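The values are calculated or read from the model by the stated rules, or taken from the named source; none is laboratory data. Predicted model, so just to flag it, every value in this text is computed and none were measured. Glycine also receives a Cβ, built like all others from the backbone with ideal geometry; neighbour counts cover every protein chain displayed. Side chains are part of the model used for accessible areas, which takes the heavy atoms of the whole protein and leaves out ligands, DNA and RNA. Shrake-Rupley method; radii C 1.70, N 1.55, O 1.52, S 1.80 Å.
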Amino acid sequence: MSHFIVHSLDTAPPDSRALLERSKKEWGFIPTLHGILAESAPVLHAYQSLFALGQKSGFTPAEQQVVYLTVSAFHECEYCVAGHTYLARAAKLDEQAIASLRNGTPIADAKLDALRIFTDTVVRERGLAGSDALEEFFAAGYGHAQMLEVVMIIATKTISNYVNHLVHTPKESFMSDPTLGWVAPRNRGQVA
């Protein structure tokens with residue numbers, strides 16, 4: 001299997017160095033995923049830009065995390081589920097909702113559950129969600145712009161989830177917290 005470099009500011013290709021500086025400034029450290037994405041400055045730039053745009057969406061920080069966790073759990077990305085569990089807690093998403101998102105089960109809050117269902121449907125059906133899914137999403141109080149923003153956040157997580165699967169991104173040190181850990185369904189039989 002090929003070994004992927006987790007770039008630092010010293011090892012990154014020249015076009016990626018300013019992007020890693022941005023990561024360090026925004027996160028307080030360089031996330032491992034960003035170090036891997038730095039191999040391609042356009043990919044790291046795309047990921048950073050999409051993530052930043054998600055924060056400017058019409059969703060609250062907690063709603064953003066509903067979408068991020070729904071996509072990451074669907075894609076079975078252990079790195080991103082752990083990371084977004086941490087971010088969901090920082091966004092004050094309640095623990096029941098976080099547990100539901102990690103387990104793919106209904107959220108008690110009806111509006112957040114409508115967001116979870118719509119996101120899951122869009123990902124599962126590769127955009128062919130159908131008019132009923134749209135109407136239920138709109139009936140929950142979301143608008144056309146937010147429908148488009150769900151797709152943008154799905155694109156953001158698809159980059160990170162797929163890259164993490166392909167390169168087996170090492171987890172961050174803070175992810176050693178057992179309350180953040182999550183085992184993908186496909187790996188649950190392998191855990192003793």
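A search for C-beta distances below 7 Å between a residue of region 22-36 that is farther than 15 Å from GLY83 by Cα and among the β-branched types (Val, Ile, Thr) and any residue that is open to solvent by 60 Å² or more (accessible area, probe 1.4 Å) and not in a helix (DSSP H, G or I), counting only pairs 6+ apart in sequence or on different chains, returns ILE36/PHE4; ILE36/VAL6. The helices (runs of 4 or more DSSP H) found entirely in region 73-192 that carry 2 or more residues being within 30 Å of ILE5 (Cβ to Cβ) and of a type in the set (Val, Ile, Thr) are 78-90, 144-167.
Within the set LEU69, LEU50, LEU87, LEU44, the sole residue that is aliphatic (A, V, I, L, M), under 14 Å from ARG116 (Cα atoms) and at pLDDT 95 or above turns out to be LEU69. Scanning region 97-129 for residues that are open to solvent by 40 Å² or more (accessible area, probe 1.4 Å) and of a type in the set (Asp, Glu) yields a total of 2. Residue check: GLU76 meets all listed conditions (1) without any contact (Cβ under 8 Å) to a residue 40 or more places away in the chain; (2) at positive phi; (3) surrounded by 15 or more Cβ atoms within 10 Å (Cβ to Cβ); (4) not hydrophobic (A, V, I, L, M, F, W, C) but one, namely (1).
From the residues in region 153-187 that are of a type in the set (Ser, Thr, Tyr) and open to solvent by less than 20 Å² (accessible area, probe 1.4 Å), which one is nearest to THR121 (Cα to Cα)?
If we filter region 153-187 for residues that are of a type in the set (Ser, Thr, Tyr), which is where we start, we get 156, 158, 160, 162, 169, 173, 176, 179.
Still in the list and also open to solvent by less than 20 Å² (accessible area, probe 1.4 Å): 156, 160, 169.
On the way: THR156: 17, SER160: 20, THR169: 27 Å.
That would be THR156.
Beta carbons closer than 7 Å, at least 6 apart along the sequence or on distinct chains, pair a first residue in region 42-59 that is touching a residue at least 40 places away in the same chain (Cβ under 8 Å) with a second that is open to solvent by 20 Å² or more (accessible area, probe 1.4 Å) and of a type in the set (D, E, K, R) for SER57/GLU149; GLY58/GLU149; PHE59/GLU149.
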